[in-house]
Amino acid sequence: MRLGIFDDMITISTNYLGDLRAESTHLKSSTVLITDAPTDNEGKGQSYSPTDLLATALGTCMITVMGIAARNHGIDIQDTKLEITKVMASSPRRVSEIHVDIFFNKDYSDKQKMILETAGRTCPVALSLHPELLQKLRFIYK
């Protein structure tokens with residue numbers, strides 16, 4: 001039974017499975033995602049932690065928006081790879097930094113690099129994160 005006033009806008013349904021594990025279902029696609037507390041915070045670390053998802057959201061948002069810009073400008077970024085590192089802080093426990101290294105398998109003109117980097121830096125997740133969360137972004141070209 002749903003009680004919220006925004007029921008028609010629900011995107012994800014989450015059930016707590018116990019033992020610091022949750023199962024979330026993306027309602028439009030029925031894709032299921034399991035999260036688990038990390039080993040450094042009383043969990044088993046058997047799946048993404050919620051803070052891992054935060055870091056993943058930044059990287060995947062960047063590459064998705066860069067993909068849109070690339071498609072719109074005829075730039076091939078196929079097989080671009082990202083490496084994402086999450087840095088935790090304590091007191092309070094929080095994500096303090098996210099490092100995203102983007103490895104392109106091609107070299108691009110200065111204009112193409114500007115298009116890609118601007119798109120990545122201004123993706124919705126990057127713009128939604130708190131300004132105190134340091135985003136260290138490196139664009140590495142072949």
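The listed residues are ASP52, ASP19, and the only one of them that is over 27 Å from HIS99 (Cβ atoms) and modelled with pLDDT of 95 or more turns out to be ASP19. Apart from one condition, ASN72 fits all of (1) within 30 Å of ARG21 (Cβ to Cβ); (2) of a type in the set (S, T, N, Q); (3) assigned to a helix (DSSP H, G or I); the exception is (1).
Considering the conditions (1) out of contact with any Phe, Trp or Tyr (no Cβ under 8 Å at 6 or more places or on another chain); (2) modelled with pLDDT of 95 or more, SER90 is excluded by exactly one of them, (2). Is it the case that region 30-37 has a residue that's over 16 Å from the mean Cα position of the chain (by Cα), of a type in the set (Asp, Glu) and under 30 Å from LYS142 (Cα atoms)? So far as region 30-37 goes, no, none of its residues is over 16 Å from the mean Cα position of the chain (by Cα), of a type in the set (Asp, Glu) and under 30 Å from LYS142 (Cα atoms).
Within region 62-76, does at least one residue satisfy the condition of being loosely packed, with under 14 Cβ neighbours inside 10 Å and farther than 18 Å from THR122 by Cα?
Just the residues of region 62-76 that are loosely packed, with under 14 Cβ neighbours inside 10 Å, to begin with: 68, 71-74, 76.
Among the residues that remain, those that are also farther than 18 Å from THR122 by Cα are: 74, 76.
Yes: region 62-76 contains one or more residues that are loosely packed, with under 14 Cβ neighbours inside 10 Å and farther than 18 Å from THR122 by Cα.
The values are calculated or read from the model by the stated rules, or taken from the named source; none is laboratory data. Owing to the predicted nature of the structure, the values given are computational and were not obtained by experimental measurement. Cβ sites come from the backbone with ideal geometry, for glycine too, and all protein chains shown count toward neighbours.
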